[in-house]
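Dumping the structure here so I can ask a few things about it.
Quick note: the coordinates plus some simple rules give every number you see, no bench work behind them. Predicted model, so just to flag it, every value in this text is computed and none were measured. All Cβ positions, glycine included, derive from the backbone under ideal geometry; neighbour counts span all protein chains shown.
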Amino acid sequence: MSTIIAYFKGIGQGLNTLWTGMKVTGYYFFHARKEIITMQYPDNRDTLKIPERFRGRVVMLHDQNNEHACNGCTMCEMACPNGSIKIITDKILNPETGKVVRIIDKHIYHFSMCTLCNLCVQACPSNALAMDNSYENSVYDRSELTFVLNQPGSKIRDNVKD
Amino acid sequence: MNAIYDFSILTGGIHEWLSGLMSPTAVMITEMVIIGTLLIVFVALMGLVLVLAERKVAAFFQLRLGPNRVGPWGSLQTLADFLKLLTKELITTKSADKFLYNLAPFIVMLTPFLALGVIPFAPGLQIMDMNIGVFFITAVSSMGVLGILIGGWASNNKYSLIGGMRSAAMVVSYELSVTLAIMTMVIMTESLSLSEIVASQSDGWWIIKGHIPALIAFLLYLTASTAETNRGPFDLAEAESELTAGFHTEYGGIKFAFFFLSEFVNMLVVASIATILFFGGWMPFHLPFEWAVGFNHIMDFIPGIVWGFGKVTFVIFLMMWFRWTFPRLRIDQILNLEWKYLLPMNLVNFLLMALIALSGFYL
Ligand code: SF4
Ligand code: SF4
C-alpha cells in the first residue's frame, strides 16, 4: 500500500516541481523586455556599467602617499597556479633598530599568463592586491603585458608587519 | 464554417484550369510536381522560421537578446546560417560506411515530408485525405529513428553510436505512449481520417468535450511526443555536453542541416497532430452549448488557417518552454518514466476513455 501511495506522491511531486520551474522561466519570458541582462557592448560603450566584482586585472593598492602594503612575502607568487607573479625582494638596514629587513623591490606581474583566478588576491596576508575593473586590455606586443605592480618610488606603509 | 475560407475552391479551380489544357495523366503529373515543390518550399520556410523562433524564444527564457544583427531583430539570421551550410564542402569521414552514411540524412528528412502529406492545415489545405491518416502518421513517424540509428552507426564514431543507440532505445519505448494517447482520442473521434477528426470537432474541441481523460491524454501525448522528436529534456541522442553532438557528430554542411531541419519539422508535425486531435485542427473555438450560438458565429469569421497555425504555434511554444526549462534526463530515468509511469497511465486512461465513451458521459 505504501509503495502505491509513494508512486502517486512521486507523480504529484514531479508535476509540482516541473510547474515550479515553468513558472520561473515563464516569468522571465513574459518579462523579458525589462529584465534582459545582455549588454550590447561596443554599442553602449558610453553608458556601460561594469559590475564591481568584475575581474579586469591584478593591481596593487596604493594610497595617496604612494604607499602600499606589500612586504615581499611571496605568498602570491606561491599561490599563483600559472607562475604569473615574480617577486624580487631587496634587503635594507633599518637605521632605527639596526636590523636587516626584507622589502619589495619589484612585484612583476605577467598579465599574459594570468587567468584572473583571484587566488593571489586571496593569498596575500596584508591585502596588498586587488582586482580592478579595467577592460579592453589588448595590446600589440606581448611585452606590454608585463607590469611592475608597485609604483616607482613607492614604499611600504608603516603599520604593515613583516 | 465560412465557405470563403475554403482552400478547395482555389485548388479545385486550378485543377479545372489544368484539365482544360492537357490530358488527365499530364494533369496528375503537373499537380504532383506543383505540390512537391510547394511542400519543399513550405518545409524549408518553416525550418527557417522555427529555428529562428527557437533561438529567440530560448534567448528570452534566458534573459538574453538572441540573434539581433542580421536583418531587423535578427530575422535573416537563419537564412544566413542556411546559406553557410549550403555552401560548405560535403565530406565523408574515412572509416564511415559510405552508403549508409549518405543515406541517413535522407531517411530522417523523408519522415516529416511523408507525415506532412496527410495533415490538414486549413479547410481544403491537405495534400491527401487518407481514411487511415492517423495510422499512416504513426507508422511513418517511427521511420525517423531508423535514420538516426543508421547515421549513428555508419559514422563509425563512438559518440555517434552511443547517441544513435540511446535514441533507438528511447524512441521505441515512447512510440507506445504516443500511439496509445492517439488511440485514446480515436475512441472519441470514431475515425482514423484526419479531416473527419477535425470535422467531428465542429461543435467543440475534444479537449473540452472529452474533459478529464482528454486532458490526461494531451499531457501524455505532449510528453511522449517531445521525447519522440528527440528534443530537450529528452535530447540525450545529441546531448551536447556529453556526446559532442551525438548521432550527427560526423555530419557537416547540408547533411547536418537535414538532421537539424528534420528536428524542427518533426516538431511541427507533432504539434499539428496534437492540434488536430485535441484542439480541433483548423476548427474555430466553439462551445458545445445552446446559448453559445452567437459566440460560435463570431468565431467563424476568423479564417481556418489562422486558427490552425495559431494552435500549432501554441503547442510548439509549449514544447520550447519545456526544452528551456527542464534539465536533461539520464537514459535510465527516461526509460523509467516511460515504462513505469507513462505507459501504465496511458493504459488506464485508455480504459477510462472507453468507459466514458460507452456511458456517453461527454459533451
Ligand atoms: S589572478 Fe590567478 S593567475 Fe592571475 S596572477 Fe593572481 S593567482 Fe596568478
Ligand atoms: S602582494 Fe601580498 S602576498 Fe604578494 S608578496 Fe606582497 S605582501 Fe606578499
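Would you please give the FRET efficiency between B:VAL41 and A:LEU15, computed as 1/(1 + (r/R0)^6) with r the Cβ-Cβ distance and R0 = 51 Å, to the nearest 0.05?
Values: r = 41 Å, r/R0 = 0.80.
Approximately 0.80, to the nearest 0.05.
Using Cβ counts within 10 Å as a stand-in for footprinting exposure, how do A:HIS31, A:HIS107 rank, fewest first?
Working: A:HIS31 12, A:HIS107 24.
Neighbour counts put them in this order, fewest first: A:HIS31, A:HIS107.
What is the fewest-to-most order of B:THR226, A:THR47 by other Cβ atoms lying within 10 Å of their Cβ? Show your work: numbers first, answer last.
Details: B:THR226 23, A:THR47 7.
Least to most surrounded, the residues fall as A:THR47, B:THR226.
Go through segment A:80-113 and name the trypsin sites (Lys or Arg not before Pro) that are in a DSSP coil and have 10 or fewer other Cβ atoms within 10 Å of their Cβ.
Details: sites: A:LYS86, A:LYS91, A:LYS99, A:ARG102, A:LYS106; in loops: A:LYS99.
Here the sparse-neighbourhood loop sites are A:LYS99.
Next question. Could you tell me which of the pairs B:LYS56/B:LYS98; A:LYS9/B:LYS56; A:LYS49/A:LYS155; B:LYS158/B:LYS255 are separated by over 31 angstrom between their Cα atoms in the structure shown? Let's see the in-between values first.
Numbers: B:LYS56/B:LYS98 37 Å; A:LYS9/B:LYS56 36 Å; A:LYS49/A:LYS155 33 Å; B:LYS158/B:LYS255 19 Å.
Checking Cα-Cα distances, B:LYS56/B:LYS98; A:LYS9/B:LYS56; A:LYS49/A:LYS155 exceed 31 Å.
Also: Suppose every Lys and Arg Cβ carries +1 and every Asp and Glu Cβ carries -1, with no other charges. What dipole size does segment A:1-129 come out with about its Cα centre, to the nearest 20 debye? Can you show the working numbers first?
Numbers: 14 positive and 10 negative charges, 102 e Å.
Around 480 debye, computed over segment A:1-129.
Considering the options A:VAL59, A:THR97, A:LEU145, tell which one lies farthest towards the positive end of the dipole of segment A:58-156, charges being +1 on Lys and Arg and -1 on Asp and Glu at the Cβ, about the Cα centre.
A:THR97
Work out how much length B:LYS209 to B:HIS297 would gain on full extension: take 0.36 nm times their residue separation and subtract the Cα-Cα distance, in nm to one decimal. Each step should come with its number before you reach the end.
Working: separation 88, 0.36 × 88 = 31.68 nm, distance 1.88 nm.
Here the answer is 29.8 nm.
For every other residue with a beta carbon closer than 12 angstrom to the beta carbon of B:ASN157, add +1 if it is Lys or Arg and -1 if Asp or Glu, then tell me the sum.
Details: positive: B:LYS94, B:LYS158; negative: B:ASP97, B:GLU250.
Residues near B:ASN157 contribute 0 overall.
Still on this structure, please answer the following. So how strong a dipole does segment B:93-193 carry about its Cα centre when Lys and Arg Cβ are +1 and Asp and Glu Cβ are -1, to the nearest 20 debye?
Working: 4 positive and 4 negative charges, 112 e Å.
With Lys and Arg at +1 and Asp and Glu at -1, about 540 debye.
Quote the charge dipole size of segment B:164-252 about the Cα centre in Debye, to the nearest 20; the model charges only the Cβ of Lys and Arg (+1) and of Asp and Glu (-1).
Values: 3 positive and 10 negative charges, 50 e Å.
Taking the Cα centre of segment B:164-252 as origin, the dipole is about 240 debye.
Mind checking which of B:ILE91, B:LEU192, B:LEU347 is farthest towards the positive end of chain B's charge dipole, using Cβ charges of +1 (Lys, Arg) and -1 (Asp, Glu) about the Cα centre?
After comparing all options, I get B:ILE91.
Here is a further query. Quick check: convex hull of the Cα atoms in segment B:134-273, volume per residue, rounded to a whole Å³? Intermediate values should be presented prior to the final figure.
Values: hull volume 13.8 nm³, N = 140.
Dividing the Cα hull volume of segment B:134-273 by its residue count gives 99 Å³.
Counting Lys +1, Arg +1, Asp -1, Glu -1, what net charge surrounds A:GLU67 among other residues with beta carbon under 11 Å of its beta carbon? Before the final figure, lay out each step's value.
Details: positive: A:LYS155, A:ARG157; negative: A:ASP63, A:ASP158.
The answer is 0.
Okay, next question. So if I restrict to the alpha-carbon atoms in segment A:58-156, what is the Rg, and what is Dmax, the biggest pairwise distance, in Å?
14.2, 48
Among A:ALA128, A:ALA32, A:ALA69, which one moves the most in a GNM of chain A with springs linking Cα atoms closer than 10 Å?
Result for chain A, Cα springs under 10 Å: A:ALA32 fluctuates most.
Find, among the trypsin sites (Lys or Arg not before Pro) in segment B:268-363, those assigned to loop by DSSP (not H, G, I, E, B) with at most 16 other beta-carbon atoms within 10 angstrom.
Details: sites: B:LYS311, B:ARG323, B:ARG328, B:ARG330, B:LYS340; in loops: B:ARG328, B:ARG330.
Answer by residue number: B:ARG330.
What FRET efficiency comes out for B:LEU347 versus A:ASP46 if R0 is 41 angstrom and r is the Cβ-Cβ distance? Round to the nearest 0.05.
Details: r = 64 Å, r/R0 = 1.56.
Efficiency, from the Cβ-Cβ distance: 0.05.
Would you calculate, for chain B, the mean residue ellipticity at 222 nm contributed by helices, counting each DSSP H stretch of 4 or more residues as -39,500 (n - 2.57) and dividing by all residues, to the nearest 500?
Working: 16 runs with 243 residues, N = 363.
Rounded to the nearest 500, the figure is -22000 deg cm²/dmol.
Additional query: With springs only between Cα atoms under 10 Å, which of B:LYS209, B:LYS158, B:LYS84 fluctuates most in a Gaussian network model of chain B?
B:LYS84
Moving on to the next point. Select from segment B:17-107 those GluC sites (Glu not before Pro) which occupy a DSSP coil region and have at most 11 other Cβ atoms within 10 Å, ordered by residue number. Let's see the in-between values first.
On the way: sites: B:GLU31, B:GLU54, B:GLU89; in loops: B:GLU89.
Those that pass, being in a loop and sparsely packed, are B:GLU89.
Let me ask something else. Would you mind finding the longest exposed-site-free stretch of chain A, with exposed GluC sites (Glu not before Pro) meaning DSSP loop and at most 16 other Cβ atoms within 10 Å? Display every interim value, and only then the final one.
Numbers: sites that count: A:GLU52, A:GLU96, A:GLU136.
In chain A, the maximal stretch lacking such sites is A:1-51.
How many nm separate the modelled label positions at B:GLU240 and B:ASN156, each set 7 Å beyond the Cα in the direction of the Cβ?
2.9
With chain B treated as a Gaussian network of Cα nodes joined by springs under 10 Å, which of B:MET170, B:MET32, B:MET299 yields the largest mean-square fluctuation?
B:MET32
Next question, about the same structure. Which of the cysteines in chain A are isolated, no other cysteine C-beta under 4.7 Å?
Those would be A:CYS70, A:CYS73, A:CYS80, A:CYS114, A:CYS117, A:CYS124, since no other cysteine Cβ in chain A comes under 4.7 Å of theirs.
Considering Cα pairs under 8 angstrom that are at least six residues apart, work out the relative contact order of chain A and quote it in whole percent.
Details: 197 pairs, mean separation 43.9, N = 162.
The value is 27 percent.
So, one more: In whole angstrom, how far apart do the alpha carbon centroids of segment B:21-88 and segment A:60-83 sit?
Spelled out, the Cα-based centre of one part sits 58 Å from the other.
If I take all pairs of Cα atoms in the protein assembly as shown, what percentage of them are more than 46 Å from each other? All intermediate terms of the calculation are to be shown ahead of the outcome.
Values: 46964 of 137550 pairs.
Value for the protein assembly as shown: 34 percent of Cα pairs lie more than 46 Å apart.
I want the local charge near B:GLU196. Using Cβ-Cβ distances under 15 Å, sum +1 for each Lys or Arg and -1 for each Asp or Glu among the other residues.
Surrounding charge for B:GLU196 is -3.
How much length, in nm to one decimal, is gained on full extension between A:MET1 and A:PHE54, taken as 0.36 nm per residue of separation minus their Cα-Cα distance? Walk me through the numbers before you get to the answer.
Details: separation 53, 0.36 × 53 = 19.08 nm, distance 5.57 nm.
Full extension from A:MET1 to A:PHE54 adds 13.5 nm.
Show that you can apply the helix-only estimate: for chain A, add -39,500 (n - 2.57) for every DSSP H stretch of four or more residues, divide by all residues, and state [θ] at 222 nm to the nearest 500. Mind dumping the intermediate values first?
Values: 4 runs with 43 residues, N = 162.
Using -39500 (n - 2.57) per qualifying helix, the result is -8000 deg cm²/dmol.
Please compute the volume of the convex hull spanned by the alpha-carbon atoms of chain B and report it per residue in Å³. Provide the component values of the computation, followed by the final result.
Values: hull volume 58.2 nm³, N = 363.
So the per-residue Cα hull volume is 160 Å³.
Any chance you could give the angle, 0 to 90 degrees and rounded to 10, that helix A:2-30 forms with the longest Cα principal axis of chain A?
Roughly 60 degrees, rounded to the nearest 10.
With a Förster radius of 56 Å, plug the Cβ-Cβ distance of B:SER19 and A:SER138 into 1/(1 + (r/R0)^6) and report the FRET value to the nearest 0.05.
Working: r = 70 Å, r/R0 = 1.25.
With a Förster radius of 56 Å, E is 0.20.
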